[in-house]
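Structure, as structure tokens:
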Amino acid sequence: MQILVVDHPLVAHKLTALRDQTTDSPTFRRLTEELVTLLAYEATRDVRTGPITVQTPVAEAEGIKLTSPKPLVVPILRAGLGMLEGMSRLLPTAEVGFLGMIRNEETLTASTYAERLPEDLHGRQCYVLDPMLATGGTLAAAIQFLVDRGADHITAICLLAAPEGVERIERELADLNVPCTLVIAGMDSHLNEKGYIVPGLGDAGDRLYGVAQ
């Protein structure tokens, strides 16, 4: 797995504002969208393109266009939804699927509870959106799910990651045989005893949408 920590002043600035516990939910959502657009710029460097010739007002010009099948963006519910608008702003022609995965807070393992994806993903580039790469179980399971359906190129975009989660993904997906890239805004110190990233930014889903009672 290739790991890219995006080093840019605007990324660092927006991530700092997201960490601040005084940032309210509307501002948190806006900052998340803006930050994801910046991360998506780096994450789409390998998006598949083909040559095309267009006519300008002056002469013909050689260029490129995105090829088919279209890229597939897959936010992991629910927090991944907060990243979708930022990704779609940069890649508006991409198709969107959804994957619902939940982490057992005792075992820290992930299971699928909902999905809206094509049955056949052969030849598809997939961009997985999940704000926090903590224990790594959810993201590893999501990537494996997509590969099992035929996806042949995976890029995961996260706001933050912990070393423990990255190590788990690298271990569990060592035999994946599919190009996989992780693009993140920051690598934090460690996980606490509850499996939360430290210093992190708290529960991304709750900070995006509030606490569902």
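The values are calculated or read from the model by the stated rules, or taken from the named source; none is laboratory data. These figures come from a predicted structure and were not determined experimentally. All Cβ positions, even for glycine, are placed from backbone atoms using ideal geometry, and neighbour counts span all protein chains on display. The accessibility values were calculated without ligands, DNA or RNA, using every heavy atom of the protein model including side chains. Shrake-Rupley method; radii C 1.70, N 1.55, O 1.52, S 1.80 Å.
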Can you give me the convex hull volume of the Cα atoms of region 1-112, divided per residue and expressed in Å³? 171 Å³
Whichever aspartates and glutamates have a C-alpha closer than 14 Å to that of LYS65, once near sequence neighbours (fewer than 8 apart) are set aside: ASP46
First select every other residue whose beta carbon is under 10 angstrom from the beta carbon of MET132; then total the charges, Lys and Arg +1, Asp and Glu -1. -3
Along each principal axis, Cα extent of region 72-191, largest first, Å: 37, 29, 26
The size of the Cβ-based charge dipole (Lys, Arg +1; Asp, Glu -1) of the chain about the Cα centre, to the nearest 20 debye, is 420 debye
Given a 1.4 angstrom probe, I'd like the percentage of the accessible area of region 30-121 that is carbon and sulfur, rounded to a whole number. 54 percent
Averaged per residue, what accessible surface does region 9-139 expose to a 1.4 Å probe, in Å²? 53 Å²
With no solvent and one point per C-alpha, what does the Debye sum give as log10 I(q)/I(0) for region 1-47 at q = 0.26, 0.33 Å⁻¹? -0.96, -1.23
Net charge within 12 Å of THR67 by Cβ-Cβ distance, Lys/Arg positive one each and Asp/Glu negative one each, not counting THR67 itself? +4
Which of the helices in the chain meet the span-like rule: DSSP H, Cα axial reach of 18 Å or more, Kyte-Doolittle mean at least -1.0? 25-43
State the answer as a single residue: which of GLY100, THR27, SER111 lies farthest towards the positive end of the charge dipole of the chain, with beta carbon charges of +1 for Lys and Arg and -1 for Asp and Glu, about the Cα centre. THR27
When the convex hull of the Cα atoms of region 159-213 is projected onto a plane and the area is averaged over all directions, what value comes out in nm²? 5.1 nm²
Can you pull the Kirkwood radius for the chain, inverse mean 1/r over Cα pairs, to one decimal in Å? 17.7 Å
Surrounding net charge for ARG116, when Lys and Arg each add one and Asp and Glu each subtract one, Cβ distance under 15 Å: -1
